[in-house]
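The structure under discussion appears below in the form of structure tokens.
The values are calculated or read from the model by the stated rules, or taken from the named source; none is laboratory data. Quick caveat, the model's predicted, so the values are computed rather than measured. Note that we place each Cβ from the backbone using ideal geometry, even for glycine, and neighbour counts take in every protein chain shown. Accessible surface is based on the protein model in full, side chains and every heavy atom, while ligands, DNA and RNA are left aside. Shrake-Rupley method; radii C 1.70, N 1.55, O 1.52, S 1.80 Å.
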Amino acid sequence: MISKGIWAPADNILAAKQEVADKRATPLYANERKRELARREAKQNAYTQEFNDQIIKFLNFHPRYEKEAQLLGKIITTHATPVGSGTVARTQLIPINKRAQAAVIAWMRHKITAYDSMKIPRVKGKRREARRDLAKKSIEVLEIYRHGQDAKEDCPLKQALEKDHNF
């Protein structure tokens, strides 16, 4: 079956459109809309802050790398939290701490590995396997910062922060 929408006389459609336009033209509607937008913005800001806090908690960097943790949290939060972004940060299916962890790993996969240029065979399970291997490498990089060890000049995370954000 193919839906052809709702059929109605043209006069009814025009009258309904005019009714909506008239309602939207009132000061009451404008005030309600303004309050709703402010509420949504406040909710988004609160979520963004909570998500950023969860990222920094997951990173768990040594105090020596506090500056890097804050910057990385900001970068990933900015990328992952916009409404409609379609990123893991926007799903409600998993707890926020798991979303933050997944967002960090995803950002690292794209920024510090060759994932985007890898030729992965179109065989069931191969992409998941490649992503799992890259996640392990990302965790290894994070461990350097978590333990306060010296990050080498060729550290991919260090290079990504320097390249993209003049760190």
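A single member of 111, 119 is at pLDDT below 90, open to solvent by 50 Å² or more (accessible area, probe 1.4 Å) and assigned to a helix (DSSP H, G or I), and it is 111.
This table checks each residue for (1) farther than 30 Å from residue 69 by Cα; (2) among the small types (Gly, Ala, Ser); (3) touching a helix residue (DSSP H, G or I) at 6+ places or on another chain (Cβ under 8 Å).
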{"position": "2", "(1), (2), (3)": "yes, no, no"}
{"position": "14", "(1), (2), (3)": "yes, no, no"}
{"position": "25", "(1), (2), (3)": "yes, yes, no"}
{"position": "28", "(1), (2), (3)": "yes, no, no"}
{"position": "40", "(1), (2), (3)": "no, no, no"}
{"position": "49", "(1), (2), (3)": "no, no, no"}
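The condition (being at positive phi and touching a residue at least 40 places away in the same chain (Cβ under 8 Å)) is satisfied by just one residue among 125, 86, 148: 148. Give 99, 64, 40, 35 a once-over and let me know the one that is open to solvent by less than 90 Å² (accessible area, probe 1.4 Å), among the basic types (Lys, Arg) and in a helix (DSSP H, G or I). Within the list 99, 64, 40, 35, the selection yields 99. Here residue 94 meets the list (1) assigned to a helix (DSSP H, G or I); (2) free of Cβ contacts under 8 Å to residues at least 12 places away in the same chain almost entirely, failing just condition (1).
For region 79-95, the criterion of being touching a Gly at 6+ places or on another chain (Cβ under 8 Å) and open to solvent by 60 Å² or more (accessible area, probe 1.4 Å) is met by at least one residue. What do you reckon, is residue 158 part of a helix (DSSP H, G or I) and either over 21 Å from the mean Cα position of the chain (by Cα) or among the basic types (Lys, Arg) (or both)? Spelling it out, residue 158 is indeed part of a helix (DSSP H, G or I) and either over 21 Å from the mean Cα position of the chain (by Cα) or among the basic types (Lys, Arg) (or both).
Among the criteria (1) farther than 29 Å from residue 90 by Cα; (2) modelled with pLDDT of 95 or more; (3) of a type outside the set (S, T, N, Q), the one residue 1 does not fulfil is (2). The residues of region 122-155 that are of a type in the set (Gly, Ala, Ser), more than 18 Å from residue 60 (Cα to Cα) and either assigned to a helix (DSSP H, G or I) or open to solvent by 90 Å² or more (accessible area, probe 1.4 Å) (or both) amount to a single one, 130.
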